[in-house]
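The values are calculated or read from the model by the stated rules, or taken from the named source; none is laboratory data. Worth saying up front: this structure is predicted, and the values here are computed from it rather than measured. A quick note on method: Cβ atoms are made from the backbone with ideal geometry, for glycine too, and the neighbour counts reach across all protein chains shown. Only protein heavy atoms, including side chains, enter the accessible area calculation; ligands, DNA and RNA are left aside. Shrake-Rupley method; radii C 1.70, N 1.55, O 1.52, S 1.80 Å.
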Amino acid sequence: MNKKISILIILVAIIGIYGLFYVAVTNVLMPMELDSFKNDLNGMPQLPVNNNSTISDLENSADIIENNPSLKYMSQSQRSEMANQMRHLNSPPIGFLNQNFTDYNNFYAGSVLAYKLIGKGTLANEISNLSSITNNLTSLTNESTAINQKTANDFENGDDKAYAEDLRSSVNNLKQYNKVMEELKTQLQKIINQLADKKT
(Lines give C-alpha, C1' and ligand atoms only; values in the text may rest on other atoms or scores of the structure.)
Protein backbone atom coordinates (compact mmCIF):
# COMPACT_ATOMS: atom_id res chain seq x y z
CA MET A 1 0.00 0.00 0.00
CA ASN A 2 2.80 2.39 0.94
CA LYS A 3 4.53 1.59 -2.37
CA LYS A 4 1.41 2.49 -4.33
CA ILE A 5 1.07 5.76 -2.42
CA SER A 6 4.73 6.59 -3.11
CA ILE A 7 4.28 5.93 -6.82
CA LEU A 8 1.12 8.05 -6.84
CA ILE A 9 2.94 10.92 -5.09
CA ILE A 10 5.78 10.72 -7.62
CA LEU A 11 3.30 10.73 -10.54
CA VAL A 12 1.45 13.72 -9.10
CA ALA A 13 4.77 15.53 -8.63
CA ILE A 14 5.82 14.80 -12.23
CA ILE A 15 2.47 15.98 -13.57
CA GLY A 16 2.72 19.09 -11.40
CA ILE A 17 6.22 19.90 -12.64
CA TYR A 18 5.18 19.32 -16.25
CA GLY A 19 2.14 21.54 -15.69
CA LEU A 20 4.33 24.34 -14.36
CA PHE A 21 6.71 23.88 -17.29
CA TYR A 22 3.81 24.02 -19.76
CA VAL A 23 2.45 27.19 -18.17
CA ALA A 24 5.91 28.80 -18.20
CA VAL A 25 6.44 28.00 -21.87
CA THR A 26 3.01 29.13 -23.04
CA ASN A 27 2.67 32.20 -20.81
CA VAL A 28 6.25 33.44 -20.54
CA LEU A 29 8.46 32.02 -23.30
CA MET A 30 5.97 32.25 -26.16
CA PRO A 31 5.03 35.93 -25.62
CA MET A 32 8.72 36.83 -25.24
CA GLU A 33 9.63 35.04 -28.45
CA LEU A 34 6.65 36.48 -30.28
CA ASP A 35 8.06 39.95 -29.59
CA SER A 36 11.57 38.78 -30.47
CA PHE A 37 10.56 37.32 -33.83
CA LYS A 38 8.46 40.41 -34.62
CA ASN A 39 11.54 42.55 -33.99
CA ASP A 40 13.60 40.24 -36.21
CA LEU A 41 11.08 40.56 -39.02
CA ASN A 42 10.76 44.32 -38.65
CA GLY A 43 14.56 44.60 -38.72
CA MET A 44 14.85 42.82 -42.07
CA PRO A 45 15.70 44.94 -45.13
CA GLN A 46 12.91 45.70 -47.57
CA LEU A 47 12.47 43.33 -50.50
CA PRO A 48 14.08 43.03 -52.89
CA VAL A 49 17.22 43.41 -50.77
CA ASN A 50 19.40 43.98 -53.82
CA ASN A 51 17.89 46.55 -56.16
CA ASN A 52 16.75 45.21 -59.52
CA SER A 53 18.31 48.18 -61.30
CA THR A 54 21.70 47.33 -59.74
CA ILE A 55 21.36 43.76 -60.97
CA SER A 56 20.38 44.99 -64.42
CA ASP A 57 23.38 47.34 -64.52
CA LEU A 58 25.72 44.45 -63.69
CA GLU A 59 24.18 42.30 -66.42
CA ASN A 60 24.57 45.11 -68.96
CA SER A 61 28.17 45.71 -67.88
CA ALA A 62 28.97 42.02 -68.36
CA ASP A 63 27.52 42.15 -71.90
CA ILE A 64 29.48 45.30 -72.75
CA ILE A 65 32.78 43.92 -71.45
CA GLU A 66 32.26 40.62 -73.23
CA ASN A 67 31.31 42.20 -76.57
CA ASN A 68 33.81 45.05 -76.38
CA PRO A 69 36.93 43.90 -74.52
CA SER A 70 38.51 47.05 -73.13
CA LEU A 71 40.61 46.16 -70.07
CA LYS A 72 43.67 45.51 -72.24
CA TYR A 73 43.62 49.16 -73.30
CA MET A 74 44.16 50.31 -69.73
CA SER A 75 47.68 50.45 -68.39
CA GLN A 76 48.73 47.87 -65.79
CA SER A 77 49.17 50.63 -63.21
CA GLN A 78 45.61 51.87 -63.80
CA ARG A 79 44.18 48.38 -63.52
CA SER A 80 46.19 47.69 -60.37
CA GLU A 81 45.07 50.92 -58.75
CA MET A 82 41.40 50.26 -59.51
CA ALA A 83 41.71 46.61 -58.45
CA ASN A 84 43.19 47.67 -55.11
CA GLN A 85 40.26 50.00 -54.58
CA MET A 86 37.91 47.11 -55.36
CA ARG A 87 39.71 44.93 -52.82
CA HIS A 88 39.56 47.69 -50.24
CA LEU A 89 35.81 47.84 -50.69
CA ASN A 90 35.53 44.04 -50.80
CA SER A 91 32.43 43.45 -48.72
CA PRO A 92 28.95 42.12 -49.42
CA PRO A 93 26.44 44.64 -50.82
CA ILE A 94 24.61 46.91 -48.39
CA GLY A 95 21.51 44.72 -48.32
CA PHE A 96 23.39 41.67 -47.04
CA LEU A 97 22.90 40.95 -43.35
CA ASN A 98 25.98 41.33 -41.19
CA GLN A 99 24.88 38.88 -38.55
CA ASN A 100 26.30 35.87 -36.77
CA PHE A 101 23.60 33.34 -37.59
CA THR A 102 25.37 30.61 -35.60
CA ASP A 103 24.61 32.48 -32.38
CA TYR A 104 21.11 33.23 -33.68
CA ASN A 105 20.36 29.54 -34.32
CA ASN A 106 21.89 28.44 -31.00
CA PHE A 107 19.76 31.01 -29.19
CA TYR A 108 16.57 29.38 -30.45
CA ALA A 109 17.75 25.75 -30.08
CA GLY A 110 16.50 25.62 -26.48
CA SER A 111 13.12 26.95 -27.55
CA VAL A 112 12.78 24.19 -30.13
CA LEU A 113 13.26 21.57 -27.40
CA ALA A 114 10.81 23.32 -25.06
CA TYR A 115 8.11 23.43 -27.73
CA LYS A 116 8.63 19.76 -28.56
CA LEU A 117 8.26 18.83 -24.89
CA ILE A 118 4.87 20.52 -24.62
CA GLY A 119 3.59 19.01 -27.87
CA LYS A 120 4.00 22.00 -30.18
CA GLY A 121 5.93 20.07 -32.80
CA THR A 122 4.81 22.18 -35.75
CA LEU A 123 6.09 25.36 -34.12
CA ALA A 124 9.34 23.64 -33.15
CA ASN A 125 9.86 22.48 -36.74
CA GLU A 126 9.21 25.95 -38.16
CA ILE A 127 11.84 27.44 -35.85
CA SER A 128 14.26 24.62 -36.73
CA ASN A 129 13.76 25.41 -40.42
CA LEU A 130 15.26 28.84 -39.82
CA SER A 131 18.73 27.30 -39.53
CA SER A 132 18.77 25.99 -43.11
CA ILE A 133 17.66 29.40 -44.41
CA THR A 134 20.23 31.34 -42.38
CA ASN A 135 22.93 28.85 -43.40
CA ASN A 136 22.09 29.63 -47.04
CA LEU A 137 22.40 33.35 -46.32
CA THR A 138 25.80 32.83 -44.70
CA SER A 139 26.99 30.78 -47.69
CA LEU A 140 25.79 33.44 -50.13
CA THR A 141 27.51 36.19 -48.14
CA ASN A 142 30.79 34.25 -48.14
CA GLU A 143 30.36 33.55 -51.85
CA SER A 144 29.83 37.25 -52.52
CA THR A 145 33.12 38.08 -50.78
CA ALA A 146 34.96 35.43 -52.82
CA ILE A 147 33.43 36.68 -56.09
CA ASN A 148 34.43 40.25 -55.30
CA GLN A 149 38.00 39.15 -54.65
CA LYS A 150 38.15 37.21 -57.93
CA THR A 151 36.62 40.16 -59.78
CA ALA A 152 39.41 42.44 -58.55
CA ASN A 153 42.07 39.89 -59.54
CA ASP A 154 40.65 39.36 -63.03
CA PHE A 155 40.29 43.10 -63.54
CA GLU A 156 43.91 43.65 -62.55
CA ASN A 157 45.01 40.87 -64.90
CA GLY A 158 43.10 42.50 -67.76
CA ASP A 159 41.07 39.33 -68.36
CA ASP A 160 37.91 40.67 -69.99
CA LYS A 161 36.22 37.28 -70.36
CA ALA A 162 36.82 36.25 -66.74
CA TYR A 163 35.78 39.72 -65.53
CA ALA A 164 32.48 39.48 -67.44
CA GLU A 165 31.89 36.03 -65.94
CA ASP A 166 32.59 37.47 -62.48
CA LEU A 167 29.94 40.13 -63.03
CA ARG A 168 27.44 37.45 -64.02
CA SER A 169 28.37 35.44 -60.94
CA SER A 170 27.63 38.54 -58.86
CA VAL A 171 24.26 38.89 -60.57
CA ASN A 172 23.36 35.28 -59.77
CA ASN A 173 24.54 35.71 -56.18
CA LEU A 174 22.43 38.84 -55.69
CA LYS A 175 19.35 37.17 -57.17
CA GLN A 176 19.79 34.11 -54.95
CA TYR A 177 20.24 36.32 -51.90
CA ASN A 178 16.99 38.14 -52.68
CA LYS A 179 15.20 34.80 -52.99
CA VAL A 180 16.54 33.43 -49.69
CA MET A 181 15.76 36.68 -47.88
CA GLU A 182 12.20 36.36 -49.10
CA GLU A 183 12.14 32.79 -47.71
CA LEU A 184 13.48 34.07 -44.37
CA LYS A 185 10.77 36.72 -44.11
CA THR A 186 8.08 34.19 -44.99
CA GLN A 187 9.41 31.76 -42.38
CA LEU A 188 9.54 34.43 -39.68
CA GLN A 189 5.93 35.38 -40.45
CA LYS A 190 4.88 31.71 -40.16
CA ILE A 191 6.53 31.48 -36.75
CA ILE A 192 4.93 34.74 -35.60
CA ASN A 193 1.49 33.49 -36.67
CA GLN A 194 1.95 30.25 -34.76
CA LEU A 195 3.27 31.95 -31.63
CA ALA A 196 0.27 34.26 -31.71
CA ASP A 197 -2.04 31.24 -31.91
CA LYS A 198 -1.38 29.30 -28.70
CA LYS A 199 -3.49 26.41 -29.95
CA THR A 200 -0.75 25.51 -32.50
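Here are some notes:
- Projected label distance in nm at Lys150 and Ile64, using a 7 Å step from Cα toward the beta-carbon: 2.3 nm
- Label point of Asp57 set 7 angstrom out along Cα-Cβ; within region 160-200, amide nitrogens under 14 Å from it belong to 171.
- Protection proxy ranking of 173-179, 191-197 - average other beta-carbon atoms within 10 Å, highest first: 173-179, 191-197
- In this structure, Lys175 and Met32 have a Cβ-Cβ separation that, at R0 = 45 Å, corresponds to a calculated FRET efficiency of about 0.80.
- Each label point was placed 7 Å from the Cα along the Cα-to-Cβ direction; for Leu89 and Asn39 their separation is 3.4 nm.
- If the segment from Met82 to Asp197 were pulled out straight at 0.36 nm per residue, it would be longer than the present Cα-Cα gap by 35.9 nm.
- Pairwise FRET efficiency - Thr122 versus Arg168, Cβ, R0 = 35 Å, nearest 0.05: 0.30
- Difference of contour (0.36 nm per residue) and Cα-Cα distance, Ile15 to Glu182: 55.9 nm
- Compared with the dominant principal axis of the Cα atoms in the chain, helix 30-42 is inclined by about 10°.
- Between 0 and 90°, nearest 10: helix 160-196 axis offset from the chain longest Cα axis: 20 degrees
- Surface share of carbon and sulfur [accessible, 1.4 angstrom probe, percent] for the chain: 56 percent
- On Cα atoms only, tilt of 121-156 relative to the major axis of the chain in degrees: 20 degrees
- Bridging of Lys38 to lysines at a Cα separation below 18 Å is possible for Lys185, Lys190, Lys198, once same-chain residues fewer than 8 apart are set aside.
- Per residue, the accessible area of the chain comes to 60 Å², computed with a 1.4 Å probe over protein heavy atoms only.
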